[in-house]
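Here is the structure we will look at.
The values are calculated or read from the model by the stated rules, or taken from the named source; none is laboratory data. What you see is a predicted model; the values in this text were computed from it and never measured. All Cβ positions, even for glycine, are placed from backbone atoms using ideal geometry, and neighbour counts span all protein chains on display.
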Amino acid sequence: MTVANDVTALAELLRGQRWIDLSHTLEEDIPAWPTHARFGSVLHESYEYGDPALHHGLTMSEHTGTHMDAPLHFVREGPARYGTDEIPLQRLVCRAAKIEAPDLGAGDLLAADYIRGWEAEHGSLSHGDAVLVRYGWDERWKAGPGGRRFLEDWPGLSGEAAEYLVEKGISLVGCDTLAIDAGGTEDNPAHHALLGNEVYIVENLKNLDLLPPFSLFLALPLKIRGGSGSPVRAVALVPDDGDAEG
């Protein structure tokens, strides 16, 4: 009974939090990396055609919409060369620190000193934390031609900052841009530093402006054998103050 009571208490605690959806809706013609497969949905069964059920066939990239990068995405060899099917799930539920950087513009880099300054104001990052960087870039996300602005010269994490987060023992780094490295970056230092040290990456987040400096973060990838990445449903939990919807 003790275990049952503990589980019940945990379920009630989670239900009592404010749940914030950090994921973009998957639909046709959403922004995508130019060389990646586009999201597509094809109707295969429909009530209108006399079928007993409704279902669609989907096509997409592993890196469609709000998604997670596995180490295999940039790691060619070594112990960190694994896909989404081997990511430890316990690494994907963690305290999240939200770092605001909306003043960074096209191609700008978030420096390690910026993160240290955030820590001086809000508290030190701890081993196992997630770090979510808000540039405000999700405001550019749109399906269709209007979404092209999302694909243009976004800011990103510097290689030095990525190395600093590795040293801090961060579990995961997320952003509301197309990629963790800035647009136009050719050597992808943040990808290499993070994934090479088994720090997972979540890109194309939204609603980070709704988060306080710290929250509980959760994002689970599909269990794709040898997958370089996977779409995720990313959410954050914060104490419910009764003022806003989750």
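For beta carbons closer than 9 Å, sequence separation of 6+ or different chains, a first residue in the stretch 156-168 that is within 9 Å of Leu194 (Cα to Cα) and buried (at least 23 other Cβ atoms within 10 Å of the Cβ) and a second that is modelled with pLDDT of 95 or more and of a type in the set (Val, Ile, Thr), the qualifying pairs are Ala162/Val173; Ala162/Ile180; Ala162/Val199; Leu165/Ile115; Leu165/Val131; Leu165/Val173; Leu165/Val199. The strands (runs of 3 or more DSSP E) found wholly in the stretch 31-85 and carrying at least 1 residues that are of a type in the set (S, T, N, Q) occupy 40-45, 55-59.
Screening Val93, Val75 for residues that are over 22 Å from Lys206 (Cα atoms) and either over 16 Å from the mean Cα position of the chain (by Cα) or in contact (Cβ under 8 Å) with a residue 24 or more places away in the chain (or both) leaves exactly one candidate, Val75.
Looking only at the stretch 144-162, which residues are under 20 Å from Ala96 (Cα atoms) and either among the hydrophobic types (A, V, I, L, M, F, W, C) or over 19 Å from the mean Cα position of the chain (by Cα) (or both)? Scanning the stretch 144-162 gives Leu157, Ala161, Ala162. Residues considered: Ala106, Ala111, Ala101. Of these, the only one that is touching a residue at least 24 places away in the same chain (Cβ under 8 Å), more than 18 Å from the chain's Cα centre (by Cα) and under 16 Å from Val173 (Cβ atoms) is Ala111. A search for C-beta distances below 6 Å between a residue of the stretch 117-128 that is touching a residue at least 12 places away in the same chain (Cβ under 8 Å) and any residue that is in a helix (DSSP H, G or I) and hydroxyl-bearing (Ser, Thr, Tyr), counting only pairs 6+ apart in sequence or on different chains, returns nothing.
Can you tell me which residue in the stretch 228-246 is surrounded by the most Cβ atoms within 10 Å (Cβ to Cβ), limited to those that are in a loop (DSSP other than H, G, I, E, B) and at pLDDT 95 or above? Step by step, filter the stretch 228-246, then rank; the result is Ala234. From the list Ala182, Ala190, Ala162, the lone residue that is in contact with a Phe, Trp or Tyr (Cβ under 7 Å, 6 or more places away or on another chain) and not β-branched (Val, Ile, Thr) is Ala182.
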